[in-house]
Amino acid sequence: MAGPHVRPVEVSCDHSDSAPITSLARPVKRWSVLAAYALVTASTQLLWITYAPITKESAAALHTTVENVGWLSAIFQLIYILLALPAGRWLDRRFPAALGTGAVLLALGALLRVIAPQSFALQLAGQVAVAVAQPLVLGALTGLGTRYFPAAERPTAVAIGSASIFVGILLATLSGPALYAAGGLGRVLLVQAIPALLGAAWLLASLRTPAPYPAPAGEDGSLAWLRRDPFMWRLGGLLFLGFGIFIALSTWMEAILGFYGVTSVMSGTLLGVMVFAGILGSALLPPLVAARDQRRPLMVVALLLCGVALAAIAWRHGLPWLGGWLFVTGFFLLATLPVVLEWAERHAGPARQGAAVGFLMLLGNAGGLVLVLVVQGLIAGPSRPLLALGVAVLVALPFALGLPGQTRGIRAA
């Protein structure tokens, strides 16, 4: 909104809780819509990570270099950074059309990859389609909760949607090597296309019925409010560093732990432990935190435990010890994502939530890109990468401590 004298507007946590206008308000139907969305969300991550656990094998199958195969995953973060805000604005204005387009692009990308498993060009085209779909799908996370769920159930809906992100990552990590061993790259692409196609069809069918709690359309499409909103920048700084730490640790875990004599197979298992813990934390903690209005304490505790875990990994290197600390890190650190997004939705209001989520996810992906590159420059030994991530934790703490202790009655500019 333009003008220097605009008064702050109180944003109620009960957005759009007027009488529902469709039968989707019935529990079975709204949870069915969420299940379809969760399947689509998990599929975007499944298709993103496809080639990472089988990079060398994919390079051989596609008759290209390992570096080129790396770009099949790397383009996702680049495209997300470019499209996050436009996607968020479109979701605010035309939610069903934007989310439906994301589902169609996901299905198109999955099909392009299956057509010619030996063609790098088609694999790249498919990945670009899925990468463009990703901000439209992930950016709808809080909007789906606002439009299909009453206020009391929205933290749970956001938690489930967020957990599905990590479910997709875990499935890609676990299924890729096994499917490749069973039938080559073609088998991997075919099997992973199935949930993407089913989810897209299911979600498109669900979106044909109007949402029971329609949110107002975005006001003027302006993003000026984001520039002068310190609360959103604190959340953004927290996600830039917190999510960036997770992405960097996931990317370089094998290299870091390799200095301690941990094999690549065990590193993959430990990564799976961390992501599995993140699924549990993302599903269980946010509703409890929202009910008790303890969002800031969760942020602080998650960062402190992450810092202790990084020190513990540098101190001792037994597999149970590493697994335990990585479980703790995943459980608490990844649970902050749905809490941050739900908090942003409460603050921004239903007409701006797409832009708010797009802004935060943009910073989260940018943080991952920056910290991955920072750690890459320090990977000659294990101590400097862990120290760099520890410094990121320390820098993130003031962002968490600067957030309000109570979240009820938050004001948006």
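Bear in mind that the values in this text are calculations on the coordinates, not laboratory data. All values derive from a computational prediction rather than experimental measurement. Positions of Cβ are backbone-derived with ideal geometry, glycine not excepted, and every protein chain shown enters the neighbour counts.
Data overview
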| read-out | value |
| --- | --- |
| Length gained when the stretch L284-L319 is fully extended (0.36 nm per residue, less Cα-Cα span) | 10.0 nm |
| Cα→Cβ-extended label distance, 7 Å offset, between L82 and A205, nm | 3.5 |
| Three-way shape label, segment 25-207, alpha-carbon gyration tensor, a/c 1.5 | prolate |
| Within the chain, helix-based [θ] at 222 nm, where runs of 4 or more DSSP H residues each add -39,500 (n - 2.57), nearest 500 | -26500 deg cm²/dmol |
| Ranked list, fewest to most other Cβ atoms within 10 Å of each Cβ, for R384, R147, R208, R346 | R208, R384, R147, R346 |
| DSSP H segments from the chain that extend 24 Å or more along their own axis, Cα-based, with Kyte-Doolittle mean of 1.6 or above | 95-115, 120-138, 295-315, 353-376, 383-401 |
| Normalised contact order of the chain, rounded percent, pairs of Cα under 8 Å and 6 or more residues apart | 27 |
| Whether segment 189-306 is rounded, prolate or oblate, judged on the alpha carbon gyration tensor where a/c under 1.5 counts as rounded | oblate |
| Cα gyration tensor shape of the chain, rounded if a/c is under 1.5, else prolate or oblate by comparing a/b with b/c | oblate |
| Residue exposure sequence - F166, F276 - by fewest surrounding Cβ within 10 Å | F276, F166 |
| Protection proxy ranking of 137-143, 399-405 - average other beta-carbon atoms within 10 Å, highest first | 137-143, 399-405 |
